[in-house]
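A short write-up of the structure that comes next.
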Amino acid sequence: MHLQPAESNGPTPVPQPVHEGPEKPLKKFKQYSAGLPFGQPTSLKSISGPTYVTAQTLIQQVAYTLSNRLWTYSPETFDLDVAVKDWFKEGAQNVYGYATNVESMQIRQGAASIALGYIFSKDFDLKKRYVPQSILASSSTLQYLRAALDQLSLLYSVASPFVAHIAAIDYAGASSRLVTDYVSALSLAEELGFGMVSSFSAYEAQHMSLFSTLLACVIPTIHIYDGVSVGRETTRVIDVLDQAGLHNTYKAVQHEISAPGKKNVSLDTKVLQLLNVFNGELGTQYGLFEYHGHAAPDSVLVVFGTAESSLASQVALSLERDGAKIGVLNVRVYRPFVEESFLDALPESVRTIGVLGQVQDTQAVSDGSVRSNLYDDVMAAVTFSNKWTTPPAVIDVKYPRETVWTPVSIAAAFQLLVKKPILQSQEQTDDFDAPSPLQLLGPTSVQQYTFWDFDTSSSANAPTALGQALATDSSKNVTTKTGYDNLLQGGIFRTDIRKSAKSIEAYYSIDAADVAYVGEAGLLKDFDILNGVKAGGKVILKLPGVKDDDLESKLPVEFWKALSAKSAQLYIFDPPAVEVITNDPALETYLMQIAFLRVALPTREKVGLQTLAAVNGMIETLEKLAKVLDNALRLIEVPKEWATAEIQGSIPSLPKDIHVNSFDAFNKIEVEPPTYLKDWKTAAKGLAFKEAYGTKPALRPDLAVKTHTVHVQENRRLTPLTYDRNIFHIEFDLGDSGLKYDIGEALGIHAENDETEVQDFIRFYKLDPEEIVDVPSREDPRVFENRTVYQVLMQNVDIFGRPPKRFYEALAEFADEPKEKTQLITLGGPTKEGNQEFKRRAEVDTVTYADILLEFPSAHPSFHDIVRIVSPMKRREYSIASCQKVTPNSVALMIVVVGWVNSQGRHRFGQATRYLNKMRVGAPVTVSIKPSVMKLPPKSTQPLIMAGIGTGLAPFRAFVQHRAWEKAQGKEIGAVLLYMGSRHQREEYCYGEEWEAYQDAGVITLLGRAFSRDQPQKIYIQDRMRQTLNDITQAYLKEEGAFYLCGPTWPVPDVTNVLEDVIARDAKTLGKKVKPSNEIEKLKDQLRYVLEVY
């Protein structure tokens, strides 16, 4: 914990509400950017003294204040330059009396060339020769900046001071996670001779930005900081310098280091002198290397990075208090690496030095030939030093970029350096509900709150609004941080809030929350949320319309068990139980905030309402909602016997935190450009005068992906005609399409609507099928695409798909008949009656857009309005069931026809499966390729364990074909274990002869067939797996195989349980104690546990 006391002048007085005059509209809280304090815009002049900021905002303040020009390279949603762009737009002045020019640049090859050209331009104002030029960018952009930075390094003696503030952030390949990327910057600084400075926390981000700018007067410099977590956390910093303070410090330090006798010295000496003068000016004690821990340690961990340094220091001090003889040496200035200062900072007693060095990925971690950048520097310094008679051992403790550090994982890094256990890990105890064995924050001095919800929730902004409201108490320090996973369930987020009398430095997710709010019960099935709640904590679960008697069946047994074991309290939050919420759902966000106050801070609810009203809402409305809150919030009695309840099988493995892949919710609203109806002459002009009209022919110009035309080569049914499930194999001839695909990828089918149904709709709607539709391109609105009405209905508009609520709402605008208009508004609105009727239509009647247009004849939008309000047709993706190395000129799919009869007795079909099933040999089909997580392991000798249910066997046919091809090439291949599940062998043993032939040929090692209904007792795929545990143990654990499951979601828990049992049995045999669920998480990270379920 950062022990910086808050100002002790008491809480800020809250203005009393005024209840006079006309009613004011409710104040709505809106977040503009996760990179801004509480998501709110911040003026340049307001950054001063004790204030709530983000490290990212402070860095931008320094860059804008001291620079002549700023070039920014910020990927979308990273918002690395959101503040400086606002300040430039407002005309805010820098310390030189003019607005710093902010150039927001594209990220591409040759980036930063314009900055280089400006600095060395003949027209460059020489009066600004000594004014810094700055870049704001992420480490993911360094590869594009490299060429220009290389030239700058060579010409630096005649250049302006140059500093690049780099957020260590990138996407981690296949996992799509955001990762803290230092390795890119470390490599670039070493190769180009740049200086490199790291911030250890948000509290020193401003100082290190300033120091890096000063260092840039000596050497081109990179200032790097954690851009995933630390840079975006809102926190209170006491000693923030305003613009004048920055300028005065900058001038004073420059003047001092420019004194006679301080110029003609080595670079290392210049850096040391600069830091000493900097410390003298600010009264700080920064070092090039900073040691924390035992006075005479046996083992020291050398660390570089923001969160890494902060956490390692706190963990070392905590363990030192427990008697562990360990320490940590944090690297603040990595380049130049001043060996003398490094060796001086190392205690003489050290016998083992661990270097916590980041490398690119898990493959680099396991590759013994790959060393971390930091290890090479430490090893060289120690090897050539005379400090020790016997030099200490140096160990490279490598970790991949996707590592998310916690106190326990840092302690595990220390454990690698010592033999004696330094703490008891949770893997060494059977009590998995026990608190983390290493708590850095005092449970009584810090209050912690965590919020989990969908990003579409009406209360999505409520956690941050609560954080800002809590921050109005000047006697407390508050931190807030939000992360998004836009790939799970359409988008979810997690917000953490901490509150304490002392400032808080905890750059890891909350693992002992006082209160956890869960906005959707379905999240309990995806995350082990209770793992992060402290014993005796409180859980608020939003569960509308569920009675107490039904709770047990609505929630997972594991949740009840964990809740009881932790003696936690459960509150059910049921907003529709309050009539005012039913009538006005927009008020739910305020009701949720009041519910949190009542549960988390029951004695401060009155004051809390006033502070909330200052942030969002209106005091009168909040007070009215508080009076009726008891109708929506109830405490549930948790039976004690649930703590000892038996769970069949092992407890399913669930992640304890989200995988952050965005800093903002995914924007699900796409504004459709208008369409225009024209006659055939429009298209004729475009074809006749191609150059004048810029005409370009395209296969499917409406699609943003690259498409190919292939032709049906084979279409055969795999199940008997008398069987109720039509599973068919369809194969396409690639011809000269140029289509290439990899193992595990999916084929996107751009299907067409049924021609008969389209013609019927054209007649009903009285359309001219040959009329031309002019539609702006999705890629470039200035470019128009010409198609006929018939083409649009066949290929583009999902007129026979299921309409969402917003369609009814949009259609109501066109209704002339009052009753129809009222009914459409009800169907599109939030009322209980409308929701029930909409659900019946969608799930029972399965109505289509066309059905609705037929039912409400007075609502007759024009065709271009139909294109606007009806969703576009989406491609349907199917796992490829062939290997191109085996069948280079074809691609195969395995598909089941989707069909049902609705409540009115009408036959309904899945659009794409019906389209493909009707295809005859030779028919053309438009397709595209979609990447997938289903990838083969890197080595052909690594075993494959595959579990496929129904058509989930498709990708495994490709896998087996590839392994057969490898064997035919003379390569050694690993074991292949194939488990398949279906109802009946006689009807659904799809590709059965192929599987048996591959088994006879020695390609498939084990064939586990589960036909669930061929015997009295049902046998599923997990049962066949349990019968072969020894084979799985050998292939999966001993030979480092990869496991794949493809098919429906229902078997995932049971199949995972089998794998966890395999891990537990093997660990017991080896005399180890492990937590199987944690091992599964590790296997996921190694891409050795891969699910593709639907």
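Quick one: how many residues across the range 243-294 are among the aromatic types (Phe, Trp, Tyr) and either closer than 18 Å to VAL218 by Cα or outside any strand (DSSP E or B) (or both)?
Residues in the range 243-294 being among the aromatic types (Phe, Trp, Tyr) and either closer than 18 Å to VAL218 by Cα or outside any strand (DSSP E or B) (or both): 3 in total.
Could you check the range 555-582 and list, in sequence order, the residues that are without any contact (Cβ under 8 Å) to a residue 60 or more places away in the chain and on the phi < 0 side of the Ramachandran plot?
Within the range 555-582, LEU555, PRO556, PHE559, PRO575, ALA577, VAL578, GLU579, VAL580, ILE581 meet the criteria.
Cβ-Cβ below 6 Å, separation at least six or inter-chain, first residue in the range 23-50 and under 18 Å from GLN206 (Cα atoms) and assigned to a helix (DSSP H, G or I), second modelled with pLDDT of 90 or more and β-branched (Val, Ile, Thr): which pairs?
PRO37/VAL53; PRO37/THR54; PRO37/THR234
Does SER503 qualify as being hydroxyl-bearing (Ser, Thr, Tyr) and open to solvent by 20 Å² or more (accessible area, probe 1.4 Å)?
Against the criterion (hydroxyl-bearing (Ser, Thr, Tyr) and open to solvent by 20 Å² or more (accessible area, probe 1.4 Å)), SER503 does not qualify.
Residue-by-condition table, conditions (1) in contact with a Gly (Cβ under 9 Å, 6 or more places away or on another chain); (2) open to solvent by less than 50 Å² (accessible area, probe 1.4 Å):
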{"residue": "ILE224", "(1), (2)": "yes, yes"}
{"residue": "GLU233", "(1), (2)": "no, yes"}
{"residue": "ARG236", "(1), (2)": "no, yes"}
{"residue": "TYR250", "(1), (2)": "no, yes"}
{"residue": "ALA259", "(1), (2)": "no, yes"}
{"residue": "ASN264", "(1), (2)": "no, no"}
{"residue": "VAL271", "(1), (2)": "yes, yes"}
{"residue": "LEU275", "(1), (2)": "yes, yes"}
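Within the range 921-943, can you find the residues that are small (Gly, Ala, Ser) and part of a loop (DSSP other than H, G, I, E, B)?
Passing the criteria: GLY922, ALA923, SER932, SER940.
With of a type in the set (Phe, Trp, Tyr), within 15 Å of ARG634 (Cα to Cα) and out of contact with any His (no Cβ under 7 Å at 6 or more places or on another chain) as the only criterion, which of PHE596, PHE527 stands out?
Matching residue, one of PHE596, PHE527: PHE596.
From the list PHE454, PHE493, which one is surrounded by fewer than 23 Cβ atoms within 10 Å (Cβ to Cβ) and either touching a residue at least 12 places away in the same chain (Cβ under 8 Å) or at positive phi (or both)?
PHE454
Could you grab the pairs with beta carbons closer than 7 Å, sequence gap of 6+ or different chains, first residue in the range 820-838 and closer than 16 Å to PRO804 by Cβ, second one assigned to a loop (DSSP other than H, G, I, E, B)?
LEU824/ALA815; LEU824/PHE856; LEU824/ALA859
Being out of contact with any Pro (no Cβ under 9 Å at 6 or more places or on another chain), over 22 Å from THR221 (Cα atoms) and among the aliphatic types (A, V, I, L, M) is the filter here; which residues of the range 303-327 pass it?
Residues satisfying the conditions are ALA312, LEU317, LEU319.
Enumerate the pairs (first residue in the range 110-121 and closer than 13 Å to ASP150 by Cα; second residue anywhere and among the aromatic types (Phe, Trp, Tyr) and open to solvent by 50 Å² or more (accessible area, probe 1.4 Å)) with beta-carbon separation below 9 Å, excluding pairs fewer than 6 apart on the same chain, so at least 6 apart or on different chains.
Cβ pairs passing all conditions: GLY110/TYR144; ALA111/TYR144; ALA112/TYR144.
I need the full set of residues from the range 236-282 which are at pLDDT below 95 and closer than 30 Å to LYS481 by Cα, in order please.
Result: ILE238, ASP239.
Go through the range 713-732 and give me each residue that's among the β-branched types (Val, Ile, Thr) and exposed (fewer than 13 other Cβ atoms within 10 Å of the Cβ).
Within the range 713-732, just THR722 meets the criteria.
Yes or no: the range 540-556 includes at least one residue that is farther than 21 Å from GLY834 by Cβ and in contact with a Gly (Cβ under 6 Å, 6 or more places away or on another chain).
Taking every residue of the range 540-556 in turn, none turns out to be farther than 21 Å from GLY834 by Cβ and in contact with a Gly (Cβ under 6 Å, 6 or more places away or on another chain).
For the range 570-592, state whether one or more residues are of a type in the set (D, E, K, R), part of a loop (DSSP other than H, G, I, E, B) and surrounded by fewer than 18 Cβ atoms within 10 Å (Cβ to Cβ).
Yes: the range 570-592 contains one or more residues that are of a type in the set (D, E, K, R), part of a loop (DSSP other than H, G, I, E, B) and surrounded by fewer than 18 Cβ atoms within 10 Å (Cβ to Cβ).
Quick check: anything in the range 314-332 over 19 Å from ALA412 (Cα atoms) and either in contact with a strand residue (DSSP E or B) (Cβ under 9 Å, 6 or more places away or on another chain) or among the acidic types (Asp, Glu) (or both)?
yes
Considering each residue of the range 632-680, count those that are closer than 26 Å to ILE492 by Cβ, loosely packed, with under 11 Cβ neighbours inside 10 Å and at pLDDT 80 or above, and give that number.
0
With respect to the numbered conditions (1) within 15 Å of ILE540 (Cβ to Cβ); (2) out of contact with any Leu (no Cβ under 8 Å at 6 or more places or on another chain), which one is the sole condition not fulfilled by PHE573?
Condition not satisfied by PHE573: (2).
Can you name every residue in the range 329-345 that is touching a His at 6+ places or on another chain (Cβ under 9 Å) and touching a residue at least 60 places away in the same chain (Cβ under 8 Å)?
ASN330, the sole residue that qualifies.
Just one of the numbered conditions (1) in a strand (DSSP E or B); (2) over 16 Å from VAL271 (Cα atoms) is not true of VAL197; which one?
The number of the failed condition is (2).
Could you list, in sequence order, all residues of the range 593-631 that are open to solvent by less than 50 Å² (accessible area, probe 1.4 Å) and among the small types (Gly, Ala, Ser)?
Residues satisfying the conditions are ALA595, ALA600, GLY608, ALA613, GLY617, ALA626.
Restricting attention to strands (runs of 3 or more DSSP E) lying wholly within the range 86-185, give those where 2 or more residues are in contact with a strand residue (DSSP E or B) (Cβ under 9 Å, 6 or more places away or on another chain) and open to solvent by 40 Å² or more (accessible area, probe 1.4 Å).
So the answer is 101-104.
The values are calculated or read from the model by the stated rules, or taken from the named source; none is laboratory data. Quick caveat: nothing in here was measured; it's all calculated off a predicted structure. Using ideal geometry, Cβ is built from the backbone for each residue, glycine included, and neighbour counts are taken over all protein chains shown. Quick note on the areas: whole protein, heavy atoms, side chains included, nothing else; ligands and nucleic acids left out. Shrake-Rupley method; radii C 1.70, N 1.55, O 1.52, S 1.80 Å.
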